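Q: Okay, handing you the structure first.
The values are calculated or read from the model by the stated rules, or taken from the named source; none is laboratory data. Keep in mind it's a predicted model, so treat the numbers as computed, not measured. Cβ coordinates were reconstructed from backbone atoms using ideal geometry, including for glycine residues, and neighbour counts include every protein chain displayed.
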């Protein structure tokens, strides 16, 4: 998105170039915008503000419901799945003919709930310095 001040400056530059004899197409091309964009910005005689942030966007029809999200959390919290990533959970459920959501949906829900890491009893991996452990053994 272009800020209002940048949009205003672009319109002024295009208008100045046009007044000095440049074609509108070439003036717009210099700023990498289409003539249609320029016309939309200056439609009512003033420089229009960007309306995209204010647009009402419909909710996707395939968006997970709260119940489906809870089912995902409940499933990954079960003892048998606690130490597994979604890339292993979803196929195991599929083997049992159970479908809750896609693997990417599992990852997305876990990321939103900050559960994407070490849900079970597994320990966080510790990076060891081989030189340090060798020095410790030598003592």
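Q: When the residues of the stretch 61-78 are filtered to those that are touching a residue at least 40 places away in the same chain (Cβ under 8 Å) and outside any helix (DSSP H, G or I), which remaining residue is surrounded by the most Cβ atoms within 10 Å (Cβ to Cβ)?
A: Initially, the stretch 61-78 is screened for residues touching a residue at least 40 places away in the same chain (Cβ under 8 Å), giving 64, 69, 73, 76-77.
Filter again for outside any helix (DSSP H, G or I), leaving 64, 77.
Working: 64: 17, 77: 12.
Applying the filter and picking the extreme gives 64.
Q: Follow-up question, since we're still on this one. Just one of the numbered conditions (1) loosely packed, with under 14 Cβ neighbours inside 10 Å; (2) in the same structural domain as residue 106 (by TED's automatic domain parsing) is not true of residue 12; which one?
A: Evaluating residue 12 over (1) loosely packed, with under 14 Cβ neighbours inside 10 Å; (2) in the same structural domain as residue 106 (by TED's automatic domain parsing) leaves (2) as the failure.
Matching residues to (1) part of a helix (DSSP H, G or I); (2) at pLDDT 95 or above; (3) assigned by TED's automatic domain parsing to the domain that holds residue 104; (4) on the phi > 0 side of the Ramachandran plot:
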position	(1), (2), (3), (4)
33	no, no, no, no
39	yes, no, no, no
44	no, no, no, no
59	no, no, no, no
81	no, no, yes, no
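Q: For the stretch 73-91, state whether one or more residues are in contact with a helix residue (DSSP H, G or I) (Cβ under 9 Å, 6 or more places away or on another chain) and under 30 Å from residue 11 (Cα atoms). Quick ask: steps written out before the conclusion?
A: Taking the stretch 73-91 first, the residues in contact with a helix residue (DSSP H, G or I) (Cβ under 9 Å, 6 or more places away or on another chain) are 73, 75-76, 80-82, 84-87, 89-91.
After this cut, where a residue has to be under 30 Å from residue 11 (Cα atoms) as well, the list is none.
Looking for residues that are in contact with a helix residue (DSSP H, G or I) (Cβ under 9 Å, 6 or more places away or on another chain) and under 30 Å from residue 11 (Cα atoms), one finds none in the stretch 73-91, hence no.
Q: Take the residues in the stretch 93-133 that are more than 15 Å from residue 72 (Cα to Cα) and surrounded by 12 or more Cβ atoms within 10 Å (Cβ to Cβ); name whichever of them is modelled with the lowest pLDDT.
A: Applying the filter and picking the extreme gives 120.
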